[in-house]
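Structure first, then comments.
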There are 2 protein chains.
Amino acid sequence: MVDVSSIVITGIRGIPEVKEGDNVAALILEAASNQGFTLANGDIVVVTSKIISKAEGRMVNLNDVEPSPIALRFSKSLNMDPKKVEVILSEARRVVRMVKGLVIAETRQGFVCANGGVDQSNVKPGLLALLPKNPDRSARRIVRDLKRKAGVDVAVVVTDTFGRPWREGHTNVAVGVAGLIPLRSYVGLKDDFGFELKVTNIAVADEIASAAELVMGKLERVPVAVVRGYRYEAGRGSARRLVRKVSRDLFR
Amino acid sequence: MVDVSSIVITGIRGIPEVKEGDNVAALILEAASNQGFTLANGDIVVVTSKIISKAEGRMVNLNDVEPSPIALRFSKSLNMDPKKVEVILSEARRVVRMVKGLVIAETRQGFVCANGGVDQSNVKPGLLALLPKNPDRSARRIVRDLKRKAGVDVAVVVTDTFGRPWREGHTNVAVGVAGLIPLRSYVGLKDDFGFELKVTNIAVADEIASAAELVMGKLERVPVAVVRGYRYEAGRGSARRLVRKVSRDLFR
């Protein structure tokens, strides 16, 4: 019997509909406790950005939105609600592409994704959820609150579901990180044959986000998952490190 | 105590250096057995393409390569070994971009990745590993052999490590699939608020590949991992479904 390291990913169920002002860490601890799960040092708590947006009041009521003339004009070619277009544009730093029903935009946080991260799923009708203003800060708050309330040292990854070029389907990626270094560096390391590795950075925070999606799903009401057993590099961390500088983007 | 579903990812260690003609399924079963791990129905066996390339003899000795005039010319601006350029070009269907030290190409299998999937890491000096000719077929063979040798019904995902646009760092993705449907469809499904989901497909095979990378690493000699507890949609499957048609690629 060899020493084997396994990673266990557990979904945290039973988190109620989140309201503005709710403490996300408290909700996680209560739901975990209800299912007999106790957080431990070194765990990675993966949280969908949606419940953080709700807790932070990053919701827009479409009734309160006054579309600008530009949004009105775009909405015709996009065949979208002009109020929704207005919200998307107000979240965008730059539009990458517009096609019928879809705006691909770079968000204020630097992420390139559909509709600038503005999303209507799993929210009350008439509302739109925006991405948390600063998902790294949201992640740091949860790390701090979990330490205060439960005495555990964990890392937090905040996720959203993004499409990507070249490949079909969406995957979960990290939009906020706290307590772990999101890229694992292999710079200068050599394989067993003495060959220096050309792949220099693995985006482990995105891989953690993707792994967690497997227990979260989209309709199962599992907005939180805990990844246990992965020996991450501890550190302040930031999902901004996962945003590729345009000058370095050879794939586009 | 609520019913909680967890996913467990276990690395399979102790697989020896793979030689041409080796049976990958047999190597996996032997190494698993040595660490006291038994495959079960419903497991997903994740295998790095590298060991499959070795078993299938998809290795090129640089000494045997005669660079063409085109490869010779490109090698100067690329500042790369002309023999390596020759091999990369011979694996490519289309070049997306060339910069110093790097060719981004669409491979014969349809994948867009660095150096057409040709890789020098974790192989003997002087050799290059090519991607398996048909990684889906390689995956099907392992599914079939594991059934024959161990009587288990599993799915197999063959992985490679790719860069991607917009985001820093590489992640593991699925280049071959057998026994599971690689995209989970939410088409027409509604959330708790009756809102029809806009995200229609989740690339679960890529998420499985990424999850497995967390136990595999690049230098730990863990070329195989088993994902247990994920209820995938069984079916023939194919990683070709993960390749986005250019006409549908709005992100580029």
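The values are calculated or read from the model by the stated rules, or taken from the named source; none is laboratory data. Remember, predicted model here, so these are calculated numbers, not experimental data. No Cβ is skipped: glycine too gets one built from the backbone with ideal geometry, and neighbour counts run over all protein chains shown.
Points worth noting:
- Complete set of residues in the stretch A:162-187 that are buried (at least 22 other Cβ atoms within 10 Å of the Cβ), modelled with pLDDT under 95 and of a type in the set (Val, Ile, Thr): none
- Inside the stretch A:120-129, residues that are surrounded by 18 or more Cβ atoms within 10 Å (Cβ to Cβ) and either assigned to a strand (DSSP E or B) or assigned by TED's automatic domain parsing to the domain that holds A:Arg241 (or both) make up a count of 2.
- Out of B:Arg236, B:Arg184, B:Arg228, B:Arg221, sole residue that is of a type in the set (Lys, Arg), in contact (Cβ under 8 Å) with a residue 12 or more places away in the chain, in the same structural domain as B:Ile12 (by TED's automatic domain parsing) and within 15 Å of B:Val158 (Cα to Cα): B:Arg236
- The one condition in (1) out of contact with any Pro (no Cβ under 7 Å at 6 or more places or on another chain); (2) surrounded by 22 or more Cβ atoms within 10 Å (Cβ to Cβ) that A:Gly237 fails to fulfil: (1)
- Which numbered condition B:Ala25 misses (of (1) touching a Lys or Arg at 6+ places or on another chain (Cβ under 9 Å); (2) not assigned by TED's automatic domain parsing to the domain that holds B:Ala211): (2)
- The one condition in (1) among the small types (Gly, Ala, Ser); (2) free of Cβ contacts under 8 Å to residues at least 60 places away in the same chain; (3) more than 12 Å from A:Leu242 (Cβ to Cβ) that A:Ala203 fails to fulfil: (3)
- Answer residue from the stretch B:75-119, given it is on the phi > 0 side of the Ramachandran plot and away from chain A (no Cβ under 13 Å) and is surrounded by the most Cβ atoms within 10 Å (Cβ to Cβ) among those: B:Gly116
- Flag if A:Asn122 is within 11 Å of another protein chain (Cβ to nearest Cβ), within 16 Å of the chain's Cα centre (by Cα) and touching a residue at least 60 places away in the same chain (Cβ under 8 Å): yes
- Summed over the stretch B:28-49, the residues that are within 13 Å of chain A (Cβ to nearest Cβ), under 20 Å from the mean Cα position of the chain (by Cα) and farther than 12 Å from B:Ala225 by Cα give a count of 0.
- The condition of being loosely packed, with under 15 Cβ neighbours inside 10 Å, of a type outside the set (A, V, I, L, M) and under 26 Å from A:Val243 (Cα atoms) holds for only one of B:Lys245, B:Lys190, B:Lys218, that being B:Lys245.
- Residues in the stretch A:1-27 that are in contact with a strand residue (DSSP E or B) (Cβ under 8 Å, 6 or more places away or on another chain), away from chain B (no Cβ under 14 Å) and surrounded by 16 or more Cβ atoms within 10 Å (Cβ to Cβ): A:Val24 only.
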